[in-house]
1. Do you know which residues across region 152-173 are surrounded by fewer than 17 Cβ atoms within 10 Å (Cβ to Cβ) and either in contact with a helix residue (DSSP H, G or I) (Cβ under 6 Å, 6 or more places away or on another chain) or closer than 30 Å to Ile119 by Cα (or both)?
2. List, please: which pairs have Cβ atoms under 6 Å, are six or more places apart or on different chains, and start with a residue in region 107-135 that is of a type in the set (D, E, K, R) and end with one that is in a strand (DSSP E or B)?
3. Give the residue that is farthest from the chain's Cα centre (by Cα), with candidates limited to residues of region 28-77 that are closer than 19 Å to His99 by Cα and open to solvent by 40 Å² or more (accessible area, probe 1.4 Å).
4. Acidic (Asp, Glu), touching a helix residue (DSSP H, G or I) at 6+ places or on another chain (Cβ under 9 Å), in contact (Cβ under 8 Å) with a residue 12 or more places away in the chain and surrounded by fewer than 17 Cβ atoms within 10 Å (Cβ to Cβ), is that true of Asp84?
5. Please determine whether any residue of region 82-95 is among the acidic types (Asp, Glu) and at pLDDT below 95.
6. More than 23 Å from the chain's Cα centre (by Cα) and over 23 Å from Asp60 (Cβ atoms): which single residue out of Gly171, Gly110 fits that description?
7. Under the condition of being part of a loop (DSSP other than H, G, I, E, B) and hydroxyl-bearing (Ser, Thr, Tyr), which residue from region 187-213 is surrounded by the most Cβ atoms within 10 Å (Cβ to Cβ)?
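The values are calculated or read from the model by the stated rules, or taken from the named source; none is laboratory data. Quantities reported herein were computed from a predicted structural model and do not represent experimental measurements. Here Cβ is always computed from backbone atoms with ideal geometry, including for glycine, and neighbour counts include all displayed protein chains. Just so you know, the surface numbers come from the protein's heavy atoms only, side chains and all, with ligands and any DNA or RNA stripped out. Shrake-Rupley method; radii C 1.70, N 1.55, O 1.52, S 1.80 Å.
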Amino acid sequence: VSQSRYGAVSEPMKESSALSSTHKLGIGLHGGLIGVGADLGYQINPMLGVRAKYSVVPIDGVLGASGYEMPKELNFSGANLLVDVTAKLDHADLIVDFHPFRNAFRLSAGLGIFSGNQIKVTANFLDSTKFGEITFTPDDIGSLGLNWVLNTANPYLGLGFGRAAPAKRIGLGIDMGAYYIGPPKPEILATGMVKRTSEQSSTLQENLKSFQW
């Protein structure tokens with residue numbers, strides 16, 4: 001996550017770059033796999049800082065830029081499907097940074113609040129299918145889908161470089177870390193003739209239980 005910050009010195013100290021980062025407030029912009037957003041940081045002293053962040057993943061824009069503006073007709077294993085993906089992926093974070101060497105290197109821990117976040121995928125069959133003398137319409141066949149609701153509170157651990165507020169007026173930083181989301185619990189949604197597919201939700205969750213970070 002790259003980020004730029006503008007710091008305002010409330011207690012100027014010129015003895016060293018570390019001391020110049022004491023009691024400073026910074027605002028920043030960030031972008032990366034967690035989305036894009038803004039943050040507010042406060043460098044308490046050379047070894048400790050705190051950051052409050054808000055991030056959003058513009059899923060519609062990402063899919064549109066990739067040529068997959070939803071809903072979209074796709075062919076899967078010979079079947080024509082109308083696929084739609086909807087998602088709410090925004091979160092607020094409170095992060096504490098510890099600088100063990102009193103420089104820009106930091107160890108971070110915090111909590112991400114993913115309130116109401118979910119990913120939903122639905123696929124509707126577009127063509128009728130004939131079995132013997134019987135023709136099944138798309139409504140008869142039904143639809144398939146997947147719905148994953150994320151946990152509201154997810155702990156975060158990471159490391160990086162940079163301060164909550166830069167020693168100078170402008171600074172850059174990078175974060176590398178992960179949230180602990182617990183065992184994913186997506187649910188399979190199915191209607192019509194394929195409704196029994198929804199009974200495989202527990203099997204899917206079991207297969208994904210190792211992806212907790």
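1. Hits for region 152-173 are Thr152, Ala153, Pro155, Leu157, Leu159.
2. Pairs found: Lys120/Thr86; Lys120/Asn147; Asp127/Asn80.
3. Per the stated criteria, the residue is Asn45.
4. So Asp84 fails the test.
5. The answer is no, given that none of the residues of region 82-95 is among the acidic types (Asp, Glu) and at pLDDT below 95.
6. It is Gly171.
7. Checking each candidate, the answer is Thr191.
Quick grid of which residues meet (1) over 30 Å from Leu25 (Cα atoms); (2) among the hydroxyl-bearing types (Ser, Thr, Tyr):
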{"site": "Phe101", "(1), (2)": "no, no"}
{"site": "Leu111", "(1), (2)": "no, no"}
{"site": "Asp127", "(1), (2)": "yes, no"}
{"site": "Lys130", "(1), (2)": "yes, no"}
{"site": "Tyr156", "(1), (2)": "no, yes"}
{"site": "Tyr180", "(1), (2)": "no, yes"}
